[in-house]
Amino acid sequence: MGILSFPFLPSSLPSFLPSFLLFSFFPSFLPSFLPSFLPAQPPAPEPSQPRETWGGKYEFLLSCLGYCVGLGNVWRFPYLCYRNGGGVFLIPYTLMLVFTGLPLFLMELSLGQYGATGPVSIWKCCPLLKGIGVGMLAVSSLVSLYYNVIIAWTFYYLSKSFQSPLPWSCDAPPNRPLCQEREGKSGSFLAVSRLPLPSSASSQRVLGVVHSSGLGDPGPVREPLALCLLLAWTVIFLCTLKGIRSSGKVVYFTATFPYVVIVVLVIRGATLEGSIEGIRFYLSADWSQLKSKVWNDAASQVFYSLGIGFGGLLSMASYNKFDNNVIRDTLAIGLGNCCTSFFAGFAIFSVLGHMAWRKQVSVGRVADSGPGLAFVAYPEALALLPGSSFWSILFFLMLFTLGVDTLFGNMEGITTAVIDEFPSLRGWRRKALFLSGLCLAFYLLGLLLITEGGIYWFTLIDAYSTSFGLIIVALFMCLGVTCCYGVNQFCQDIVDMIRQCPPWCSQLVPYFKACWVIVTPGTLLFILFYVFLDLSGTRLHYGAYQFPRWGQALGVCVGVLSCIQIPLWAGIALCKESGTLAAVSPGREPSGLWEGLLVGIDLPFSTCRTGKGPSRAALQVCPSCAATEGPKGKPRGKVQSVCPQEPEV
């Protein structure tokens, strides 16, 4: 029969026809069928996918604003404000924002915009500090793991909000006997129970610990929440599948809708009985609080609410045009985030004041923070209003948009860091496979947080994932830029980017330089000291449950997971490079690594005509020259074309 036989062909065909058909219609099979002595053509390399850019400047602004304005603005800032002296809390909060928050915010945006790459690849300018980017990646992964669980809770409550009466209100038939019994004792079910749960058994099954004895007894996965978590990760996957080109369009709704809801809730709250008492409780000034730990609370709130050290800001800024006014964006987003936190307090405490008036208790008895406010106190307060279902739907839609915007930034930080390290993943199919695998892994790991005792694991990861590890990562980022790369060079880079901006932008650079060198590192050390002091002096708890020692040790390991990357990758860099320490810390002058980082793969080039014929001009980093523009007029990087010393012909 020979080497190649085709039994499906008629035997009357000429003997050469099968080989003719093979070579004519199946050229892709040739390399595998040719004899070994015939060399096969090597496969053509796949063309590199160009890096994405924002469709417009408002997409970047809204994405950053939505990333910073998250759930903490609604459920943490108002609580910290009333707990730390009301209006007095705004003094340390503003000072920490000006001297720590805005400088770090500008540093992260400038790093991303100037380098046009993710939080890991950006440290090619100083390979010794690559662990900072990997630490950011670890923090974003831990936060994404539990943050989408909050969105799953939101989906569950949103689905229940279409019922009337609401399942967590006292008007629901299963809750009437229990509410009457508790109200007969003290007039308030919430005041008696003091549990961070709504007053209905159905909601206890969402956040509660009904069938779990503690951290070591998680119990089975709750199926309704598993479906909600699957829906949440599906939404995140679809919205981030095409990168910033898809999420940049989604934020036009998700970043603006919370402001509409907050304004509506403020107007509605102002018309309620007892709302003035709630606002007075929110803003009452207690000057004695300035001597307490209010400074640490203010610093931590500014630090966490701006999203510094997660890598999301750096990744989103890497898709900017080179000459984008990064200082203007820093001031607009930072101040907008601060004002949103303050304004949201009026929407929260006006309704809580009405709830306290209805139950004849003080506002402090019904106020709470964290999930206890968003899924306990406030929904119960909304259940007391006429048309409670409408207000509940509006509130949980707002929580959904707040949460999903923040998760967009975290996921963008993760995907950008990985794809910039492995450019072959930029293709649509490979990126889709990578993103689907990432979301599936997060979903499977997140199932632990929606078990019967999942709230314990949620509290543990929430408390330690953004604790001392995140502060250490941000501290080393600040020290790495100022000491290793050089603060003067970094300030010059910023001036180069804002050269065409108003003069007042350049005049602010010396102020930020002073903060980066002295004030900001000192403040971060101050926060770090208080964090370690708090960890050593208090035990983590959820309600009346005290976490065991092994649980707190596990939490410390979660916190160490991010900051341990810095010495780990520094050691790897030292082992890879031979010679002196300077070989892995080329920070003060633009090096070949930094040049490749900025130039990219598709920069235009010039042709030099010399006596030996035409040759391609070399591209070098030039911090003082104009930006080279691409085909669409978008700057590619700070470069200059350098011809050989021989004069041009």
For the stretch 141-146, take each phi angle, set θ = phi - 60°, evaluate the Karplus expression 6.51 cos²θ - 1.76 cosθ + 1.60, and give the result in whole Hz per residue in order, putting x for glycine and proline.
-> 5, 5, 5, 4, 4, 9
Mean accessible surface per residue for the stretch 57-576, computed with a 1.4 Å probe while every protein chain stays in place, in Å² = 37 Å²
What's the center-to-center distance, using Cα atoms, between the stretch 437-514 and the stretch 249-280 in Å?
-> 29 Å
Per the charge dipole of the stretch 57-576 (beta-carbon charges, Lys/Arg positive, Asp/Glu negative, Cα centre), the residue among Tyr79, Gly372, Leu145 reaching farthest to the positive end is Leu145
Determine which residues of the stretch 130-151 fall in the zone a paramagnetic label at Ile572 would reach in this model, i.e. backbone nitrogen under 18 Å from the point 7 Å along Cα→Cβ.
-> 130-142
Which whole-number percentage describes the relative contact order of the stretch 57-576, with Cα contacts under 8 Å and a sequence gap of 6 or more?
-> 34 percent
Pop out the ³J(HN,Hα) list for the stretch 147-161 in order, Karplus 6.51 cos²θ - 1.76 cosθ + 1.60 with θ = phi - 60°, rounded to Hz; leave Gly and Pro as x.
-> 5, 6, 5, 4, 5, 5, 4, 4, 4, 5, 5, 5, 5, 6, 6
Inter-site label distance for His211 and Cys339 at 7 Å from Cα along Cβ, in nm | 5.0 nm
Trypsin sites (Lys or Arg not before Pro) within the stretch 503-564: DSSP coil, no more than 12 neighbouring Cβ in 10 Å | Arg539
Add +1 for every Lys or Arg and -1 for every Asp or Glu among the other residues with Cβ under 14 Å from the Cβ of Ile236, and state the total.
-> -1
Neighbour-limited loop hits for trypsin sites (Lys or Arg not before Pro), the stretch 274-319 (at most 16 other Cβ within 10 Å; DSSP other than H, G, I, E, B) = Lys293
Dimensionless Rg/Rh of the stretch 57-576, both radii on Cα and Rh by Kirkwood, sits at 0.96
What is the dipole size for the stretch 57-576, taken about its Cα centre, with +1 at each Lys and Arg Cβ and -1 at each Asp and Glu Cβ, in debye to the nearest 20?
-> 300 debye
With label points built 7 Å along Cα→Cβ from the Cα atoms of Leu554 and Arg499, find their separation and express it in nm.
-> 5.5 nm
In Hz, Karplus ³J(HN,Hα) per residue of the stretch 83-99 (6.51, -1.76, 1.60; θ = phi - 60°; x = Gly, Pro) = 6, 10, x, x, x, 5, 4, 5, 5, x, 5, 5, 5, 5, 5, 6, 9
Holding the Cα-Cα limit at 25 Å, pick out from Lys124/Lys576; Lys242/Lys576; Lys242/Lys321 the pairs that are longer than that.
-> Lys242/Lys576
For Ser246 and Ala332 in the same chain, what is the full-extension length gain: residue separation times 0.36 nm, less their Cα-Cα distance, in nm?
-> 28.6 nm
Which chymotrypsin sites (Phe, Trp or Tyr not before Pro) does the stretch 470-524 hold that lie in a coil by DSSP with at most 10 other beta carbons within 10 Å?
-> none
Computed over the stretch 468-562, the relative contact order (Cα-Cα under 8 Å, seq sep at least six) in percent reads 41 percent
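The values are calculated or read from the model by the stated rules, or taken from the named source; none is laboratory data. Since the structure is predicted, the reported quantities are computational estimates derived from the model, not experimental observations. Using ideal geometry, Cβ is built from the backbone for each residue, glycine included, and neighbour counts are taken over all protein chains shown. Side chains are part of the model used for accessible areas, which takes the heavy atoms of the whole protein and leaves out ligands, DNA and RNA. Shrake-Rupley method; radii C 1.70, N 1.55, O 1.52, S 1.80 Å.
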